[in-house]
1. So S37 ticks every box in (1) without any contact (Cβ under 8 Å) to a residue 40 or more places away in the chain; (2) surrounded by 14 or more Cβ atoms within 10 Å (Cβ to Cβ); (3) polar (S, T, N, Q) but one. Which box is left unticked?
2. Can you pull out the residues in the stretch 1-28 that are exposed (fewer than 12 other Cβ atoms within 10 Å of the Cβ) and charged (D, E, K, R)?
3. Please state which of the following conditions D46 fails to meet, knowing it meets all the rest: (1) on the phi < 0 side of the Ramachandran plot; (2) at pLDDT 80 or above; (3) touching a Lys or Arg at 6+ places or on another chain (Cβ under 9 Å).
4. Being of a type outside the set (F, W, Y) and in contact with an Asp or Glu (Cβ under 9 Å, 6 or more places away or on another chain) is the filter here; which residues of the stretch 46-80 pass it?
5. Looking at this structure, is A14 at pLDDT 90 or above and either assigned to a helix (DSSP H, G or I) or not acidic (D, E) (or both)?
6. Among the residues of the stretch 17-59, which ones are over 10 Å from the mean Cα position of the chain (by Cα), part of a helix (DSSP H, G or I), farther than 17 Å from Q75 by Cβ and not small (G, A, S)?
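The values are calculated or read from the model by the stated rules, or taken from the named source; none is laboratory data. What you are looking at is a predicted structure, and each value in this text was computed from that prediction instead of being measured. Glycine gets a Cβ as well: all are built from the backbone with ideal geometry, and neighbour counts include every protein chain shown.
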Amino acid sequence: MNNRTFDSQTQAAAVLKIPLAEIRAAKREGCSAFVGSRIREKPLVDLRQGTKWDAAKRTWIFLFTGPEFVPTAEQTRVFGF
């Protein structure tokens, strides 16, 4: 994985093929990918691992549950596992 940074949410969405609404939700949740006006790739990708943003419900859905789900450090920090 690359430690790229992006100049805007729109650029990150286009390059990473992530819906812009999901990137905005990550920022609202306090994801550490957002530093000033720039967005770091790794924390954003780590936050998304095993999760999906449900735009209709405006919440994150965890795709894995039980003992096989080991949250990433970013998920632990943001969601408080």
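1. Checking S37 against (1) without any contact (Cβ under 8 Å) to a residue 40 or more places away in the chain; (2) surrounded by 14 or more Cβ atoms within 10 Å (Cβ to Cβ); (3) polar (S, T, N, Q), the one that fails is (2).
2. D7, K17, R28
3. The single condition D46 does not satisfy is (3).
4. Listed by number, the residues that qualify are D46, L47, R48, Q49, K52, A55, I61, T72, A73, E74, Q75, V78.
5. yes
6. Within the stretch 17-59, L20 is the sole residue that qualifies.
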